[in-house]
Every structure is written in C-alpha cells, then in structure tokens.
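Notes to accompany the following structure.
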Ligand SMILES: [Zn+2]
C-alpha cells in the first residue's frame with residue numbers, strides 16, 4: 001500500500017515477519033528522482049511490492065538516487081542492497097550505524113562477542129541461546145551497504161527543492177537518526193517513536209559505554225522540543 005502523506009512524499013507499507021507485521025519505507029520524489037527513507041525488510045514478495053507501489057506513482061526503482069537510513073536493523077535497511085544494485089543510488093547513514101553494521105558482519109567473532117556480553121550482564125544461559133538465534137537470523141538478512149556519506153547530527157540535507165534535518169536519536173539502536181521536515185512539521189522517526197508501544201532498546205555489544213535507556217530518554221527530549 002502506498003499513501004501520499006505530504007506533497008510527493010509517500011509512505012509504503014511493507015511486510016515484516018515480526019510481531020508488528022508491517023514496516024514503513026518512505027519515498028520522496030523530485031522530477032525523475034526518488035529518495036528512499038528506509039527500505040523495508042528483504043523477504044519473499046517484499047521487493048516486488050515496493051517496486052509495484054513505486055510504479056503506481058510513476059517511478060521505477062532504477063530512478064532511486066538516494067537512500068537515507070534511520071538505522072541498520074534488517075526491517076529498515078534490508079532492501080537497500082537490492083535497490084542500490086538496480087539504481088546505483090547513493091547511501092547515507094550515521095557513522096555509528098555503519099559501525100554497528102560492520103560489527104554485524106564479523107561472523108564467529110560477533111557470536112562470541114554477543115555470548116560474552118550477555119553472559120557478563122547476567123542473562124541466563126538459555127536466554128543467551130535465544131538471543132544468539134535471533135542474532136544469527138538477523139545476520140542472514142543483513143544487506144551489503146555501499147555507503148556514500150555519513151549523516152551528521154543537525155545537518156540539513158537537500159533533495160531537489162525539499163530540505164530536511166538529520167536528528168541523532170540513539171536509544172532503540174546505536175546510531176539511530178530521525179529525519180525532520182521542518183516546513184511540514186513532519187518527522188520520519190524510524191523506530192524511535194512507534195504507535196501504541198515504546199520501542200525495544202538495544203545494547204551495543206561492542207560498546208559498553210552506550211546506555212540505551214539513558215540515550216533513548218535524551219533522544220525523546222530532543223524530539224519533544226520540535227515544533
Ligand atoms: Zn529497529
């Protein structure tokens with residue numbers, strides 16, 4: 001399903017296997033170009049749905065020129081590799097999110113690190129096993145990211161005649177960002193703000209200093225002040 005939520009800014013509802021059942025990607029068009037904000041999850045039928053929805057408003061995937069990611073969870077960045085392959089789109093995310101992604105690709109080292117991290121923080125062995133299973137599953141879905149630029153906190157990015165601000169909002173994930181269209185009062189919030197529920201808060205197993213709850217509350221305060 002594709003919905004125009006603001007002038008030439010579309011919300012695309014895509015399938016997801018987890019409890020929430022769906023995830024949103026956003027497409028902003030300018031003339032013949034398209035910018036994506038998050039890309040949905042790579043799973044059977046999802047890419048075809050994304051392509052068909054985009055086609056229904058007159059654009060092919062090959063016209064995607066830029067992809068902006070809020071964070072690198074698989075339901076938000078999963079199809080970025082596929083879109084980049086079809087379009088050579090530039091890819092933008094925070095440097096911290098890129099580091100999280102790099103760590104995720106470290107195979108056995110990642111698993112050993114995750115076991116060590118959760119055990120050290122007092123998680124019972126059978127729960128650690130369940131977490132590792134989830135990590136393995138995510139690892140199998142994570143795309144290759146061909147990064148063009150790193151997003152900076154509070155910078156203004158332009159796409160065609162539109163501009164939006166990058167707001168760092170760590171908490172749900174290290175390196176999470178939101179995109180704020182000030183003129184329209186519109187926030188693309190990734191998983192920072194969700195309907196009905198608070199987001200899960202994920203530790204960074206490679207960074208003991210990162211405090212998800214503290215960061216999340218600080219990030220909420222930043223977003224709360226937006227006009
Ligand atoms: Zn997420």
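Looking at residue 128, is it assigned to a loop (DSSP other than H, G, I, E, B) and outside the structural domain of residue 65 (by TED's automatic domain parsing)? Lay out the reasoning, then the answer.
Working: assigned to a loop (DSSP other than H, G, I, E, B): no; outside the structural domain of residue 65 (by TED's automatic domain parsing): yes.
No; evaluated as a whole, the condition is false for this residue.
State yes or no: is residue 57 touching a residue at least 24 places away in the same chain (Cβ under 8 Å), under 20 Å from residue 169 (Cα atoms) and in the same structural domain as residue 180 (by TED's automatic domain parsing)? Spell out how you get there, then give the answer.
Numbers: touching a residue at least 24 places away in the same chain (Cβ under 8 Å): yes; under 20 Å from residue 169 (Cα atoms): no; in the same structural domain as residue 180 (by TED's automatic domain parsing): yes.
Considered against the rule, which asks whether it is touching a residue at least 24 places away in the same chain (Cβ under 8 Å), under 20 Å from residue 169 (Cα atoms) and in the same structural domain as residue 180 (by TED's automatic domain parsing), residue 57 comes out as no.
Mind checking which residues of segment 68-96 are buried (at least 24 other Cβ atoms within 10 Å of the Cβ) and away from the ligand (no atom under 16 Å from the Cβ)?
83, 89
On the given criteria, is residue 195 without any contact (Cβ under 8 Å) to a residue 40 or more places away in the chain and within 16 Å of the ligand (Cβ to nearest atom)?
yes
In segment 3-26, which residues are crowded, with 18+ Cβ neighbours inside 10 Å and in contact with a helix residue (DSSP H, G or I) (Cβ under 6 Å, 6 or more places away or on another chain)?
Of everything in segment 3-26, those that are crowded, with 18+ Cβ neighbours inside 10 Å and in contact with a helix residue (DSSP H, G or I) (Cβ under 6 Å, 6 or more places away or on another chain) turn out to be 12, 14, 16, 23.
Between 147, 123, which is in a loop (DSSP other than H, G, I, E, B) and out of contact with any strand residue (DSSP E or B) (no Cβ under 7 Å at 6 or more places or on another chain)?
Every option except 123 fails the conditions.
Taking the condition over 15 Å from the mean Cα position of the chain (by Cα) and at positive phi, does residue 32 pass?
no
Residues that are over 21 Å from residue 170 (Cα atoms) and in a helix (DSSP H, G or I): does segment 26-38 have at least one?
No, segment 26-38 contains no residue that is over 21 Å from residue 170 (Cα atoms) and in a helix (DSSP H, G or I).
Given the conditions (1) in a helix (DSSP H, G or I); (2) farther than 15 Å from residue 10 by Cβ, report the number of the one that residue 65 does not fulfil.
For residue 65, the exception is condition (1).
Give 218, 136, 165 a once-over and let me know the one that is modelled with pLDDT of 95 or more, more than 15 Å from the ligand (Cβ to nearest atom) and part of a helix (DSSP H, G or I).
On the way: 136 fails: modelled with pLDDT of 95 or more; 165 fails: part of a helix (DSSP H, G or I).
The match here is 218.
For residue 23, which of the numbered conditions (1) within 16 Å of the ligand (Cβ to nearest atom); (2) modelled with pLDDT of 95 or more; (3) part of a strand (DSSP E or B) fails to hold?
All conditions are met except number (2).
Restricting attention to segment 178-191, which residues are within 12 Å of the ligand (Cβ to nearest atom) and under 16 Å from residue 36 (Cβ atoms)?
Result: 189, 190.
Out of 115, 158, which single residue is over 29 Å from residue 22 (Cβ atoms) and part of a strand (DSSP E or B)?
On the way: 115 fails: part of a strand (DSSP E or B).
Selected residue: 158, the only one of 115, 158 that is over 29 Å from residue 22 (Cβ atoms) and part of a strand (DSSP E or B).
Report the residue count in segment 175-199 for those that are in a loop (DSSP other than H, G, I, E, B) and surrounded by fewer than 23 Cβ atoms within 10 Å (Cβ to Cβ).
10
The values are calculated or read from the model by the stated rules, or taken from the named source; none is laboratory data. All figures in this text were calculated on a predicted structure; none of them were measured in a lab. As a convention, Cβ positions derive from the backbone with ideal geometry for all residues, glycine included, and neighbour counts pool all protein chains shown.
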